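Read the structure below first, then the notes.
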Amino acid sequence: MRNEECGMWAKPSSALRHSAFIIHNSALKMKATYSQRLIKLADLNHHQTFFAGRCSEWFLESSYFAVAQYVDTKDTVLLVLHGIDFKFPIFAGDIVTFESKVISVGRSTLTVYTKMYRSREPEKVAADGFATFSYLDENHHSKPHGITIEPETEEEKFLQQQALEVMEDSKRRAKAMNAAGKQ
């Protein structure tokens, strides 16, 4: 559908994308994105299990896809990878799904929850974690994105609370490191 107001092709939604800002009529729903990968021999570590470095790469890529549903990614950078918790090994030949969802937003940030599971066993999460992205202006300073999202399920409410906690923890650590560096 062509959006005449901003002169570009856009999906119909409650948000109109403009080059400098986003206008929202109301809080948006949390939307999941999915990407799948075949684990090959080149993706393994010296223990013959899925290499954490490759997992991190794909984890962040999937998280970035989730952010792309809300903002122009040319104006977005990773701010913090809060960590990935690995729960059990993945092996060559497994097909994994990365499921990502923007779970919390700040003034200029979007925090994404991503989980990875074997595609045939979505109920068994093999790894999960959070990543926060920052929305930037043309001078590479944070700028407001104007997005609000509302959790609809108990799981989304729980994950949103966890996201707020990991963001606060990151802010505390950064503040402590800055204070230690000034001494």
* Do we find that residue 177 is within 20 Å of residue 67 (Cβ to Cβ) and aliphatic (A, V, I, L, M) in this structure? -> no
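Suppose the filter is in a strand (DSSP E or B) and either modelled with pLDDT under 95 or not polar (S, T, N, Q) (or both); does residue 130 pass it? Show your work before the answer.
Numbers: in a strand (DSSP E or B): yes; either modelled with pLDDT under 95 or not polar (S, T, N, Q) (or both): yes.
So residue 130 passes the test.
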* Asked: Which condition breaks for residue 71 when tested against (1) closer than 23 Å to residue 146 by Cα; (2) part of a strand (DSSP E or B)?
  -> (2)
* Asked: Being among the charged types (D, E, K, R), in a helix (DSSP H, G or I), over 18 Å from the mean Cα position of the chain (by Cα) and more than 20 Å from residue 102 (Cβ to Cβ), is that true of even one residue in region 156-172?
  -> yes
* May I ask you to say which residue of 53, 106, 93 is surrounded by 14 or more Cβ atoms within 10 Å (Cβ to Cβ) and of a type outside the set (D, E, K, R)? => 106
* Structure fact -> Within region 152-168, of all residues that are closer than 17 Å to residue 132 by Cα and touching a strand residue (DSSP E or B) at 6+ places or on another chain (Cβ under 8 Å), the one surrounded by the most Cβ atoms within 10 Å (Cβ to Cβ) is 163
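Condition (residue is among the hydroxyl-bearing types (Ser, Thr, Tyr), at pLDDT 50 or above and over 27 Å from residue 147 (Cβ atoms)) applied to region 36-55: is it met by at least one residue?
First, the residues of region 36-55 that are among the hydroxyl-bearing types (Ser, Thr, Tyr): 49.
Next cut, at pLDDT 50 or above only: 49.
Still in the list and also over 27 Å from residue 147 (Cβ atoms): 49.
Within region 36-55, one or more residues are among the hydroxyl-bearing types (Ser, Thr, Tyr), at pLDDT 50 or above and over 27 Å from residue 147 (Cβ atoms).
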* Kindly establish whether residue 92 is touching a helix residue (DSSP H, G or I) at 6+ places or on another chain (Cβ under 7 Å), in contact (Cβ under 8 Å) with a residue 12 or more places away in the chain and in a loop (DSSP other than H, G, I, E, B). => yes
* For residue 127, indicate whether it is in contact (Cβ under 8 Å) with a residue 60 or more places away in the chain and closer than 30 Å to residue 41 by Cβ. => yes
* Report, by residue number, each residue of region 35-50 that is exposed (fewer than 13 other Cβ atoms within 10 Å of the Cβ) and within 13 Å of residue 98 (Cβ to Cβ). => 36, 38
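The values are calculated or read from the model by the stated rules, or taken from the named source; none is laboratory data. Given the structure is predicted, the values throughout are model-derived calculations rather than measurements. Glycine also receives a Cβ, built like all others from the backbone with ideal geometry; neighbour counts cover every protein chain displayed.
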